[in-house]
Amino acid sequence: MFYTYFVAFMLALVSYTLIDNVLLSRFYGICSFIGVGNKVKSAVSMGVAVVFVIVFSALICYPIYHFVLMPAGLEFLDTVVYILVIASLVQIVGLFIKKYSPALYKSLGIYLPLITTNCAVLGVVQENTFPGKMLDFPMSMANAFGTSLGYLLMIFVFACIRTRLDTYSTPRAFKGIPIALLTAAVMAMALMGLSGIGA
Amino acid sequence: MDQTGYVLLAIGIIVLLAVVAIVSYVLYQKTPVPKGCENLEPDPGICGACLKSGCPFYPQYHAPKVGADSGVDEPKKPSAPGDKVAGVAPSKPDDKGDAK
Amino acid sequence: MDQIKRSQHHNSLVAGIIRENPLFVTVLGTCPALAITKSLEAAVGMGILFTFVLICSNVLISALRKLIPEEVETPAYIVVVATFVTVVKMVTEAFVPALFDSLGVFLSLLVVNCIVLGRAEAFANKNGVYDSFLDGVGNGLGYTLALIVIAFVREILGTGVLSFGSIFPFLKVNGANVTLPILKGNGYDYSISLFAEPAGAFIVFGIMMAIIAVIANRKKDKEAAVKRAAAIAAAQKAAAEKARQQTAAVEGGAH
């Protein structure tokens, strides 16, 4: 019984990470993905910060929705509550990082205010409690983990590709954002081939 | 707990979250940056899409700039996509007339 | 004085539509632009809702701009936008449930949409209510146009037909959807289903940005050529001046 559920959890994890990838299939968090330059280290730090924020926000928001908002009949307040939770979480974590860990601030701390308004965080949390397609708690945690790992993986791959892309001479009209979008298109096509696993 | 109880609990949680958010926001803005981290430069592409004027790195990426980093889209000056045919600005007529 | 004010109003209205189109020029708000544009109707619906949220938040933030202290600007704006988005969500779920289902999470994501927050911080907290209203109208219109362009290409190439009526029921004719067969009809099917997939969204958007870069580059080259010609002409003029002065000095010395 636990075994089948564990298998289901792992399949969901893989599905949310690769097949229904947050950046290339569900299109959350694209704004900061397109402009990623060729600095792999800053891309990876951004990804790790996103992992923290998404997992902990989902952990906090799901119980609030199910044990407080739903019994109270106030489901329409979910957006406001989620924003407050995400903002407080990011600010408290940022406070701790600023005070106690300059090393972490140097790598993650600068991206924390950006993640507050990242579509990926709010998107995952809203997906977990979308009316009509609501997930139960283990699946929503699989969504949170899978989404953030997928984000980290894709932003890392994209930054690596960009370092090679800069050494090639692209046509003048395609320099910068257009070639980045076409690269993302090819990455999305690669992931298309995985659809159907564990669906 | 009946419904009014849950409604009061929900309102209480929202107020608590609002207070925590505001207090932590003010504290976050007021704590100084740790030593050695004054001259950090975040990746311009990642932070370019963010428009929070409260962020300390904001002016670097939204002041009118002349050059552009590699791998980052150049700040596009006013262009007119509309029809693909029209979209050419009228050239300045007076400059060539003066210099003879 | 009146003329200046009118042109300023006119400027805030028109700037957002083409010249500073929020999607194509300052690449913002790309998340819905890639996800919602699978069908033309959904794109139009999203554009209308986006414009409404943008106008309302611009007006309210501009009205409150003297009351909000500078330290708590960003959270205050987010709360304002969140209330409007909640209202829009409830109204959409009640009156146009098909649109609510097809937009999904992206309706809630309007709260953290880069354009809405960006216009609030860049424009609404410095300008009057009427200007902010016009700015909201202009930017909303520009974003809707951009969405329509992408959705038009994607739907025609991806599914081959333009179908109306599944989201806005008043467009149905005799109770059935209106489908305009373009690339796919009775007995022929030339649609490329890649464009209905996420990869196709990236391709269409990338090529649109490249087309706009071509137009912008052409304009930039023209301006650079004009400037260069002016610089060469000025240099020639200076050289001619110098030669004339030298001959005058020689003649003066010869006498």
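Every number in this text was worked out from the coordinates using simple rules, so none of it is lab data. Because the structure is a prediction, the values reported are computed rather than measured. Note that we place each Cβ from the backbone using ideal geometry, even for glycine, and neighbour counts take in every protein chain shown.
Observations
- Loop-located chymotrypsin sites (Phe, Trp or Tyr not before Pro) in segment A:120-181, at most 16 other Cβ atoms within 10 Å (DSSP): A:Tyr168
- Normalised radius of gyration (Cα atoms, divided by 2.2 N^0.38 Å) for chain A: 1.10.
- Options A:Gly150, A:Ser15, A:Gly47, ranked by Cα towards positive dipole end of chain A, top entry (Cβ charges): A:Gly47
- For chain A, lysine pairs separated by 8 or more sequence positions, or belonging to different chains, with Cα-Cα distances below 24 Å total 8.
- Placing dummy labels 7 Å off each Cα toward the beta-carbon, the span from C:Ala234 to B:Val33 is 3.8 nm.
- Under the Debye formula (equal points on every Cα, no solvent term), log10 I(q)/I(0) of segment C:1-111 at q = 0.15, 0.16, 0.23 Å⁻¹: -0.80, -0.89, -1.31
- Principal axis extents of the C-alpha atoms in segment C:66-145 (largest first, rounded to whole Å): 39, 27, 18.
- Here the protein assembly as shown is treated with +1 on each Lys and Arg Cβ and -1 on each Asp and Glu Cβ, and its dipole about the Cα centre works out to around 1640 debye.
- Cleavage-rule hits, chymotrypsin sites (Phe, Trp or Tyr not before Pro), segment C:186-255, DSSP coil, Cβ neighbours within 10 Å at most 14: C:Tyr190
- The length gained on full extension between C:Asp101 and C:Gln8, counted as 0.36 nm times the residue separation minus their Cα-Cα distance, comes to 29.5 nm.
- The label-point distance for C:Val173 and C:Val59, in a model that sets each label 7 Å from Cα toward Cβ, rounds to 3.6 nm.
- Grouping the Cα pair distances of segment C:197-255 into 5 Å bins from zero gives a pair-distance distribution of 4, 15, 9, 10, 8, 8, 8, 6, 6, 5, 5, 4, 4, 3, 2, 1, 1, 0 percent in increasing distance order.
- Cα centroid separation - segment A:15-59 against segment A:63-112, whole Å: 17 Å
- With the simple model of a label 7 Å out from the Cα in the direction of the Cβ, C:Ala254 to A:Val51 spans 8.7 nm.
- Counting all C-alpha pairs of segment C:2-196, share separated by more than 25 Å (%): 42 percent
- Chain C: angle of helix C:2-14 to the longest principal axis, Cα-based, in degrees nearest 10: 60 degrees
- Scattering profile of the protein assembly as shown at q = 0.05 Å⁻¹ [log10 I(q)/I(0), Debye over alpha-carbon scatterers]: -0.24
- Choice from C:Arg19, C:Arg154, C:Arg244 showing the highest fluctuation, given a GNM over chain C with Cα pairs closer than 10 Å: C:Arg244
- For chain C, the longest principal axis of the Cα atoms and the long axis of helix C:40-63 meet at an angle of about 70 degrees.
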